[in-house]
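The values are calculated or read from the model by the stated rules, or taken from the named source; none is laboratory data. Because the structure is a prediction, the values reported are computed rather than measured. Here the Cβ positions follow ideal geometry from the backbone for every residue, glycine too, while neighbour counts run over all protein chains shown. When the accessible area is computed, the model is the full protein with side chains, heavy atoms only, and any ligands, DNA or RNA have been set aside. Shrake-Rupley method; radii C 1.70, N 1.55, O 1.52, S 1.80 Å.
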Amino acid sequence: MPSLVQSVDWTALAPAAIPAVLAVAVLVADLFLPKERKDLLAWATVGGLALAALSLIPLRAGRHATFCLTDEKMRPLHDGQATATAGCSYAADHFTLVVQALVLGGALLTALLSVNTQDDLPAGEYWFLLLSSAAGAALLPASRDLATLIVALEVTTLPAFALVGLRRGDRLSSEAALKFFLSSVAATAVSLLGISFVYAATGTLHLAAVADGLAHAPAQLATLAKVGAALTLVGFAFKLAAAPFHFWVPDTYAGAPLPVAAYLSVVGKAAGFSGLILVSVIAFRPYDDVWGPTFGVLAALTMTVGNVGALRQRPGVERGAVRLLAWSSIGQAGYLLVPLAAASDADSPAHEIGTTVAYALMYAVVNLGAFAVAALVSRTAPLGRLSDYRGLYASRPAAALALGFFLLCLAGLPPGIIGLFAKVAVFSSAVGAQHGWLAVVMAVNVVIALVYYLRWTALLFARPEGAAEHAGEPAPVPADGGATAVSRTPVGLVAAIALTAAAGIVLSGAPQLILRYAQGSLL
């Protein structure tokens, strides 16, 4: 009988534990701080998330694992790394560290976006929910059993839909939270049913042991195991907003506070994809002949639905900018699924997993940057229409240049070299796996995406409305020379735009910093 005594490596747990502990501390501190000192909670959150990201440095060797049954031993992988066996529930390997860096960095930028921009929201609850969700997102890629995986996924999601509906008295916010909640509950129910079937068929919840159990499942339990695997993957498809389970995304993003929409588009998606990778590539590897083609169909459908939906957005529609980014995020999810579909035909899925992670890293940087500029523009144009960006270069040249750069990265056009290279890596994974039809679908969707990305970029540099009537007249200058308008821009918002722009420029100049993950072994 295996021992119930668990070993605990607190160093390995630090990236998830620090946000969790800080969340409780922030909630308690909110009870005692006067209203004029609530900013301390925001900067404490920023500092705590930065500390959590720094805690990844001692783990960079990727050899930590904890919550292991004592009769299980560590065994080396083919690349010499040590990782947890079927008896370990938490592993801080290279895959875990890269995804944790992504989600903690995304949460940190979300916190910067929120500093002094969400004054209409209750401060203590907002920062508590954000930190709680970040803790779950950091735990998820390290999970190596189905129970921990589903708990981490729910800890990520439940605070998120509370964040969406936190703006009291806003009908759109309440409607968005309700749609997000219903889809989340449905996904959880389906996933839990699937996990229970898998456990009944294999007698274990640890991912590596599940794979072995499925490969040697008794004939009378084979159908139950296959149904359980399918239901589990369907649940993750809901979480990832893969078509046809994407219906909640546009309304949720449009109704949520802008920093929360940015968080969902990057951190929530990254956490969900990490869970999907772990479940499919490790636990359900014996069924790769089933989930591989399924992922291919989902990828084609998702990218097409997302890009066509973004193409249909009109300049005068209220909150059209966020809706376009929401539909775009659905299309990007389709691109992320392409390497996973190719992984089913690979003897070792290391290259395909690395390609997905590399693309997710690129997408996270530039998409957060786009949301940051949208948050800046919304301070003077609260309706959030695409037409509000017309002539942005004339009034805010730095913001217009930054947003144009982010959009070109998402489109995969120079000077957004990192976006181009990431798309080529994804395209190559499909071609290399003999998924030519999927590569063709992706190529068509890239062309569709060019239309709406370039259309938005052109608006930034178009002549402002009313400029024709006043051509040749000097632009009116505020009495303070514009200093007041600049000073009113929150420093956190400026920092978020600057950090994402700098990261995008560096990565476009040296794309190998990210694309090397496509050539390495993370799992």
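Could you list all residues from the stretch 133-189 that are acidic (Asp, Glu) and either surrounded by fewer than 22 Cβ atoms within 10 Å (Cβ to Cβ) or within 14 Å of ALA20 (Cα to Cα) (or both)?
GLU154, ASP170, GLU175
Rundown of residues vs (1) open to solvent by less than 80 Å² (accessible area, probe 1.4 Å); (2) farther than 20 Å from LEU325 by Cα; (3) modelled with pLDDT of 95 or more; (4) not acidic (Asp, Glu), yes/no style:
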{"position": "GLY404", "(1), (2), (3), (4)": "yes, no, yes, yes"}
{"position": "LEU407", "(1), (2), (3), (4)": "yes, no, yes, yes"}
{"position": "ILE418", "(1), (2), (3), (4)": "yes, no, no, yes"}
{"position": "SER428", "(1), (2), (3), (4)": "yes, yes, no, yes"}
{"position": "ARG463", "(1), (2), (3), (4)": "no, yes, no, yes"}
{"position": "ALA468", "(1), (2), (3), (4)": "yes, yes, no, yes"}
{"position": "ALA471", "(1), (2), (3), (4)": "yes, yes, no, yes"}
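Taking (1) part of a loop (DSSP other than H, G, I, E, B); (2) modelled with pLDDT of 90 or more; (3) hydroxyl-bearing (Ser, Thr, Tyr) in turn, THR157 satisfies each apart from (1). From the list ALA271, ALA242, ALA261, which one is hydrophobic (A, V, I, L, M, F, W, C), outside any helix (DSSP H, G or I) and either within 14 Å of the chain's Cα centre (by Cα) or buried (at least 24 other Cβ atoms within 10 Å of the Cβ) (or both)? When all the criteria are applied, what remains is ALA242. Which of the residues that make up the stretch 310-347 are small (Gly, Ala, Ser), assigned to a loop (DSSP other than H, G, I, E, B) and farther than 22 Å from TYR453 by Cα? Matches in the stretch 310-347: SER344, ALA346. Taken over the stretch 1-39, the criterion of being hydrophobic (A, V, I, L, M, F, W, C), at pLDDT below 90 and under 21 Å from GLN100 (Cα atoms) is satisfied by VAL8, TRP10. The lone criterion from (1) of a type in the set (Gly, Ala, Ser); (2) open to solvent by less than 30 Å² (accessible area, probe 1.4 Å); (3) out of contact with any Cys (no Cβ under 9 Å at 6 or more places or on another chain); (4) under 22 Å from TYR253 (Cα atoms) left unmet by SER378 is number (2). Applying the set (1) within 21 Å of ALA443 (Cα to Cα); (2) open to solvent by less than 10 Å² (accessible area, probe 1.4 Å); (3) out of contact with any Pro (no Cβ under 9 Å at 6 or more places or on another chain) to ARG312 leaves exactly one unmet item: (2). Within this structure, PHE236 passes the test of being part of a helix (DSSP H, G or I), under 17 Å from the mean Cα position of the chain (by Cα) and modelled with pLDDT under 90.
In the stretch 274-289 there is no residue that is open to solvent by less than 10 Å² (accessible area, probe 1.4 Å) and under 20 Å from GLY369 (Cβ atoms).
Taking the listed residues LEU337, LEU368, the one that is crowded, with 24+ Cβ neighbours inside 10 Å, among the aliphatic types (A, V, I, L, M), within 16 Å of the chain's Cα centre (by Cα) and under 21 Å from LEU523 (Cα atoms) is LEU337, with no other qualifying.
Determine which single condition ALA215 fails, assuming it passes every other condition in (1) aliphatic (A, V, I, L, M); (2) out of contact with any Lys or Arg (no Cβ under 6 Å at 6 or more places or on another chain); (3) crowded, with 23+ Cβ neighbours inside 10 Å. It is condition (3) that ALA215 fails.
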